[in-house]
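What follows draws every value from the coordinates through simple rules; no lab data is involved. All values reported here derive from a predicted model rather than from experimental measurement. No Cβ is skipped: glycine too gets one built from the backbone with ideal geometry, and neighbour counts run over all protein chains shown.
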Number of protein chains: 2
Amino acid sequence: MCELLAMSANVPTDICFSFTGLMQRGGNTGPHKDGWGVTFYEGKGCRSFKDPMPSAHSPIARLVTEYPIKSEAVICHIRQANSGAVCLENTHPFTRQMWGKNWTYAHNGQLKDFIETVPVKLHLPVGTTDSEHAFCWILDQLHYQFGDQQPEACELFTFIAGLSERINQYGVFNVIITDGESLFAFCSNNLHWITRRAPFGRASLIDAEMLVDFQQETGDRDIVTVIATQPLTEDETWHKMSPGQWQLFCLGESIACGQMQVAETSEAK
Amino acid sequence: MCELLAMSANVPTDICFSFTGLMQRGGNTGPHKDGWGVTFYEGKGCRSFKDPMPSAHSPIARLVTEYPIKSEAVICHIRQANSGAVCLENTHPFTRQMWGKNWTYAHNGQLKDFIETVPVKLHLPVGTTDSEHAFCWILDQLHYQFGDQQPEACELFTFIAGLSERINQYGVFNVIITDGESLFAFCSNNLHWITRRAPFGRASLIDAEMLVDFQQETGDRDIVTVIATQPLTEDETWHKMSPGQWQLFCLGESIACGQMQVAETSEAK
């Protein structure tokens, strides 16, 4: 369907290693060939690289693997289209501004009848995906609930977890959302995460012949969490999230989590 | 101060030639070394490439010159900071969503006391520039004036010309705004444009040793308008806009223009 990748770190960290693994799944080791995108936060600013062509063959994706952009929060997405044509306006991640911040969102899954039955009013989609429609609906609800003032992170993301559970009733809604400080993940049926900290070890990518010794690449106090649809390395133990589970990360650490009641789907879509 | 570059075309066209000239002014032939950005529209979607480092030395800028992205509307900006630190959130162009479209904006100039005296309410800046503040103020005013419905282009951009004239009273406000279809330019003191169509000729860049024969690069029916702070070629005749003049382009053609009353500034800032 699609694959998600995200990172939260306590020091600006590049995602070249993980992205090198993920991009192979966009037309090489995986079928997610209908575009890809990545959004890097640097302070309050963010920048995205996007292409509606397969990541495995994209010159822009190659630049991202070779040019180490250091960031404390990153969201990536590679797409296998099911709702909406293959085009730039349907390519994740989606970024919008609210409360003087950049909010970035990427979704894996499919929502049945969501666009048709759940209207949006204040935030209108540019493209035609169920994913962007759901993002706009979330922003509408945040405005109705909190008005002009952003609440503190735990209150905000507990509310977003409730919205995610409601959207999830329409199908499969694995989602990652960030404002560059907090990184929120909701698992519908398929999300894994790992936190790396001292003592660091080595890891090999599953999708490419690449080994990294994190000991050489990091400082003693670095804490880096990576979230992905499927584990990207073969010699580390990833946490598998359960359906309805959500996690909130900040500066690489898990700072809150919860479990929503969901009907388990019969298979990983 | 800063330099602007924009393009409107009736067929998807790359901007590699003009961008190659412009990027030299970011730390090489010009002093605009405090970041750069470019936004390409492809259909309703758009993608930006940005870097807070000088364009003349940016690997991402080099990619943009070498990877021909075909677009019908483009806005570029290279920055020489005067309001707001050199960082990603202060790097133009700025893109926000309204009426189900991506709106992109870039500004050249400086506004005195604008942030302090002209409040924004619905659209809050992420960064600290007078430029982004002015963009947010324009979006606020569009919402107050037109509500949920985007008016037709001439009514909309005539209204934006009036807003531009009001902002211009605070200093220098050369600006380019697009929704991917219409491309609007308001001249405070420094903007030039040229429309290329058959019979096409040759042109040489002022800022780099590069000659292009547009006859070889284009079709007979292609119409391409380029707008820039200063002419980019030495063997073509560019239209110099007068203070207070605005132009609206669509598919490469000038479709409307007007003249606002402004106090002429004593020098090109």
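Quick notes on this one:
- Most fluctuating residue given options B:Pro68, B:Pro59, B:Pro199, as computed from a GNM of chain B linking Cα atoms under 10 Å: B:Pro199
- Under a Gaussian network description of chain A, with springs only between Cα atoms under 10 Å, the residue in A:Gln24, A:Gln259, A:Gln149 that fluctuates furthest is A:Gln149.
- Nearest to the axis that brings chain A onto chain B is this chain A residue, judged by its Cβ, with the distance in whole Å: A:Leu63, 3.
- Calculated mean residue ellipticity, 222 nm, chain A: -6500 deg cm²/dmol, from DSSP H runs (n ≥ 4) at -39500 (n - 2.57) each, averaged per residue and rounded to 500.
- Placing dummy labels 7 Å off each Cα toward the beta-carbon, the span from B:Asn28 to A:Thr29 is 3.8 nm.
- Across the identical copies, how the B:Pro151 labels are spaced - nm, sorted shortest first, 7 Å along Cα→Cβ: 3.9
- Positive-end residue, segment B:156-269 charge dipole about Cα centroid, Cβ charges, pick of B:Gln247, B:Gly258, B:Asn174: B:Gly258
- Under the combined filter of DSSP loop state and at most 16 neighbouring Cβ atoms within 10 Å, segment B:95-188 retains these GluC sites (Glu not before Pro): B:Glu152, B:Glu181.
- Normalised alpha carbon radius of gyration of the protein assembly as shown [divisor 2.2 N^0.38 Å]: 0.97
- For B:Cys257, inter-copy label distances in nm, listed shortest first [label point 7 Å out on the Cα-Cβ vector]: 6.4
- Lys, Arg +1 and Asp, Glu -1 on Cβ, resulting dipole of chain A about Cα centre, debye, nearest 20: 300 debye
- Note on chain A: GNM, Cα springs under 10 Å; of A:Cys76, A:Cys46, A:Cys154, the largest mean-square fluctuation is that of A:Cys154.
- Between identical copies, the spacing of A:Val11 label points, each set 7 Å from Cα toward the C-beta atom, reads 5.3 nm from nearest to farthest.
- Across segment B:1-128, the volume of the C-alpha convex hull divided among the residues equals 103 Å³ per residue.
- Dipole magnitude (debye, nearest 20) for the protein assembly as shown, charges at Cβ of Lys, Arg, Asp, Glu: 100 debye
- Counted by Cβ distance under 10 Å from B:Gly27, the other residues give a net charge of +1, where Lys and Arg count +1 and Asp and Glu count -1.
- Across chain B, Cα pairs under 8 Å and at least six residues apart give a relative contact order of 21 percent.
- Translational diffusion of segment B:2-259, estimated by Stokes-Einstein from the Kirkwood radius over alpha carbon pairs at 4 °C in a medium of 1.567 mPa s, is 71 µm² per second.
- Spatial separation of Cα centroids for segment B:174-231 and segment A:1-61, in angstrom: 33 Å
- Counted residue by residue at 0.36 nm each, then reduced by the alpha carbon distance between them, the extension gain from A:Thr158 to A:Asp235 reaches 24.4 nm.
- In this simple spin-label model, placing a label point 7 Å from the Cα along the Cα-to-Cβ direction at both A:Arg166 and A:Tyr67 gives a separation of 4.0 nm.
- Taking every alpha-carbon pair under 8 Å whose residues sit at least 6 apart, segment B:1-107 reaches a relative contact order of 35 percent.
- Considering only Cα atoms, the convex hull volume of segment A:42-108 works out to 98 Å³ per residue.
- Cα gyration tensor shape for segment B:67-180, rounded if a/c is under 1.5, else prolate or oblate: oblate
- Distance between the 7 Å Cα→Cβ label points at B:Arg221 and A:Gln149: 5.8 nm.
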